[in-house]
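Student: First, the structure itself, so that you have it in front of you.
The values are calculated or read from the model by the stated rules, or taken from the named source; none is laboratory data. Since the structure is predicted, the reported quantities are computational estimates derived from the model, not experimental observations. When we count neighbours, we look across all protein chains shown, and the Cβ atoms used for this are built from the backbone with ideal geometry, even at glycine.
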Amino acid sequence: PQGGRATTGVAPTLFENELYHIIGNHHQDGIVLFWLHSFDLICVFDVLEHIQDEKKALMKIASLLKPAGTLIITVSAYSWLYGAHDKMLHHFWRYSKNTLNETINYSDLKVSKSSYFNTLLFPLVILARLTDMLKNSDESIGYSTPNNIVNHLFYRV
């Protein structure tokens, strides 16, 4: 593109088909595949927890980055919160900073910054997950759309 950078978007369904099958620059089953070391930046937002073999997926992602490339990752935090909500969302994992850093380091990537965010709603998340645990049900609080008042309040946040 003139005066800008080329961008490539990848649909989440690619990760359901296991990201580590990406090799080359051709089409396979309707999915565009990429050359090794072809990206300056790869963003993986709330995807890694959906991949069973996340270490292998990270190794493949690392192979797609240019030598000075950057990977930005967000994941579901705190393994002690894993429960019905995660199962409904098809999560395999939740991470602490340490476990995510260890997983990333396994793929020979270097972590330059690691932190938690979205802490404003964290007390409500804890309350919802504890309620899920006490209910001992396969259903999870927060999976359906909240009532109009609650929805309006969170829209303002």
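Student: Residues of region 96-107 being in contact with a Leu (Cβ under 9 Å, 6 or more places away or on another chain) and part of a loop (DSSP other than H, G, I, E, B), which ones? First the steps, then the outcome.
Tutor: Looking only at region 96-107, we keep the residues that are in contact with a Leu (Cβ under 9 Å, 6 or more places away or on another chain), and these are 100, 103-104, 106-107.
Hit for region 96-107 is SER107, nothing else.
Student: Restricting region 97-130 to residues that are modelled with pLDDT under 85 and surrounded by 13 or more Cβ atoms within 10 Å (Cβ to Cβ), which is farthest from the chain's Cα centre (by Cα)?
Tutor: LEU130
Student: May I ask you to list the residues in region 64-93 that are more than 22 Å from LYS113 (Cβ to Cβ) and either polar (S, T, N, Q) or loosely packed, with under 15 Cβ neighbours inside 10 Å (or both)?
Tutor: TRP80, LYS87, MET88, LEU89, HIS90, PHE92
Student: Looking only at region 44-63, count every residue that is surrounded by 13 or more Cβ atoms within 10 Å (Cβ to Cβ) and assigned to a strand (DSSP E or B) and tell me the total.
Tutor: 1
Student: Can you spot a residue in region 26-41 that is of a type in the set (Val, Ile, Thr), within 26 Å of ALA77 (Cα to Cα) and at pLDDT 50 or above?
Tutor: There is no residue in region 26-41 that is of a type in the set (Val, Ile, Thr), within 26 Å of ALA77 (Cα to Cα) and at pLDDT 50 or above.
Student: If you don't mind, there's one more thing I want to ask. I'd like the full set of residues that are part of a helix (DSSP H, G or I) and in contact (Cβ under 8 Å) with a residue 40 or more places away in the chain, limited to region 64-95.
Tutor: Of everything in region 64-95, those that are part of a helix (DSSP H, G or I) and in contact (Cβ under 8 Å) with a residue 40 or more places away in the chain turn out to be LEU64, LEU81, ALA84, HIS85, LYS87, MET88.
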